[in-house]
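For reference, the structure is listed below as structure tokens.
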Amino acid sequence: MRSAATRPSPPLEPADALVEIVDQLQHGAVERALIGPRRLDVPTHETTQDPLDRPTLADNRALGGDRPKSLCLIANRQPNLRRGLVGGARPTGSHFLFQTRKERGDICRLICHRAQVYGATITTVFGLRPDRPRTIDAMIGLALLTLVPGELGGSESAARSLLQQLARTGTLPYRVYLPPVAPDGGEGLPSEVVTEYRSARTIPERLVAMAYAAARPGPLRRRLADTAVVHYPLTIRIPPTRSPSVVTLHDTQHLDLPALFSRGERLFRMFAYHRSSRSASRVIVPSAFVRDRAIATLGLDPTRIRVIHHGIDHTRFVPGTVPREPFVLYPARRWPHKNHERLLEAWAIVRQASPELRLVFTGGGHPPDGPDGVDVRGHVSGDELVELYQRATAVVFPSLYEGFGQPPLEAMACGAPVASSNAASLPEVCGDAARLFDPQDPQAIAEAILDVVGAPEEWRQRGFKRAAAFTWTASAAAHEAVYRELL
């Protein structure tokens, strides 16, 4: 990564330096700009381009007569720069004023960086610090030190999918910081294993590792010293750094459904999740539901929260070529909030109407032998899960709580009709493409299953359209926009 210390510093006069700086801009990055010797004449924000050219900038009169000994640079990304100026910020000599489109904030940082290299005086507005210029090649760190492969459920799946997409389409430089138990977790991005973090797989080991890291963060912080922004996709902010940080908060389930957690689990989440979310510069949530709950339960500032939906890998989750088989799939580990007991009550009703149907469970935590009409598959590979989606008559998802709810969308993309709970984020994610039901009512669950089984083509077409709206390309681009906010 290049830095200010390694860039050449030609001995140019400030006026020539300004010309050189503007030459680095791509046309369209500057929306409105003005040079003036004595007053700050700020035009209103416009969407039309007003590019500056070399002759105009090189003109001594445009720079206020004689070539100045220094130039004052003022930068801001707000729609109207006049509103943002504060006492002491108005320049008295020649100045260069520019406004950039929000998504082109990197140009603003590039100008500040080059002006510093060439020795120009920089006056900044809205936190652009001349003592710490942010360049467009600033490193984004992705800290996954709490990753334990196969143990974190949907949050791990989402984090890995995000990294894979950033490796394919990301436009910023990244480095993934991994624990010793997951050395191959970079998913195609440049990565390094942080050996200072203790190896941990079991829950007691993970607690010890996190406690040790919190007590002695120094060695871990030094690992991330070169990062301009650090993102914690697995929520827990280890190690805390002095750089701006982004935390992904997947849900607030421990606050919304506390009875499903032990006292120890609640205390751990309160310490790790709450502290991480409240201290982050930005908090990314996978749904508007989680955003609203985070504001209500954690008191987070709404202006710091960004809703970014997860995506679907549409190269993997596709319709199959084999005929559908008479079974209904529920892909979920047997955690309390997944609501398997109510589903089993509903299944007895379904079997009375359609005795040929079977119910298939995947995921860990199930008893080895299911009730009559129920098959337990346990852990399955990703490819096996796709095949099940492609072969199932329908997919049912009776969960009591989801921060996002990936499986219904995956099923839709594979052409399986979906009956889904109407709880938490699921109505937001599924829209009208799933037959929604009250997850506490076995009769309602049974009726929804029979409805989608009875009219599969209608629900299949709705599902295709809904799933197509969720892509990892869009999700990764939205994440990059958040990172750029902090550069």
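Each value in this text was obtained by applying a stated rule to the coordinates, not by laboratory testing. These numbers were taken from a predicted model, which means no experiment stands behind them. Backbone-built Cβ (ideal geometry, glycine too); neighbour counts: all protein chains shown.
Couple of notes before you dig in:
- Point-charge dipole on Cβ atoms (K/R +1, D/E -1) for the range 325-468, about Cα centre, debye to 20: 200
- Stretching R333 away from S157 to a fully extended chain increases their span by 62.0 nm, per 0.36 nm per residue minus the current alpha-carbon distance.
- Within the range 167-241, the proportion of Cα pairs with more than 15 Å between them is 58 percent.
- P(r) for the range 132-287, from all Cα pairs and a bin width of 5 Å, is 1, 9, 18, 24, 23, 15, 7, 3, 1, 0 %, short bins first.
- Cleavage-rule hits, trypsin sites (Lys or Arg not before Pro), the range 224-277, DSSP coil, Cβ neighbours within 10 Å at most 15: R242
- Each residue of the range 174-184 is assigned a 3J(HN,Hα), and the resulting list reads 10, 9, 9, 10, 10, x, x, 7, 9, x, 9 Hz, derived from the Karplus form 6.51 cos²θ - 1.76 cosθ + 1.60 (θ = phi - 60°), x at Gly and Pro.
- Relative to the globular-protein estimate of 2.2 N^0.38 Å, the Cα radius of gyration of the range 238-290 stands at 1.22.
- Label zone at I349, where the point sits 7 Å out along the Cα-to-Cβ direction: the range 426-461 residues whose backbone N lies under 14 Å: 436-452
- ³J(HN,Hα) computed for each position of the range 277-284 - Karplus, 6.51 cos²θ - 1.76 cosθ + 1.60, integer Hz, glycine/proline x: 5, 6, 9, 7, 5, 9, 10, 9
- Extension gain from D292 to E384, taking 0.36 nm per residue of separation minus the Cα-Cα distance: 29.6 nm
- With a cut-off of 12 Å between beta carbons, the residues surrounding V290 carry a summed charge of -2, where Lys and Arg count +1 and Asp and Glu -1.
- Amide hydrogen neighbours beyond the local backbone of L436, cut-off 5 Å, H modeled: S420
- Sparsely packed loop sites in the range 308-402 (the GluC sites (Glu not before Pro) outside DSSP H, G, I, E and B with at most 14 other Cβ atoms within 10 Å) comprise E356.
- Using the Karplus relation 6.51 cos²θ - 1.76 cosθ + 1.60 with θ = phi - 60°, the per-residue 3J(HN,Hα) values for the range 419-431 come to 10, 10, 4, 9, 9, 6, 7, 4, x, 4, 6, 7, x Hz, with x marking Gly and Pro.
- Formal net charge of residues neighbouring T303 (Cβ-Cβ distance under 12 Å; K, R +1; D, E -1): +2
- In this structure the amide hydrogen of I284, modeled in the peptide plane, comes within under 5 Å of the amide hydrogens of V247, T248, L249, R306, none closer than 5 places in sequence on its chain.
- Near P233: Cβ cut-off under 10 Å, other residues only, Lys/Arg at +1 and Asp/Glu at -1. The net charge is 0.
- Contour excess over end-to-end distance, with Cα ends at L267 and D372 and 0.36 nm allotted per residue: 33.9 nm
- The overall shape of the range 312-460 is rounded: from the C-alpha gyration tensor, with semi-axes ordered a ≥ b ≥ c, the ratio a/c is less than 1.5.
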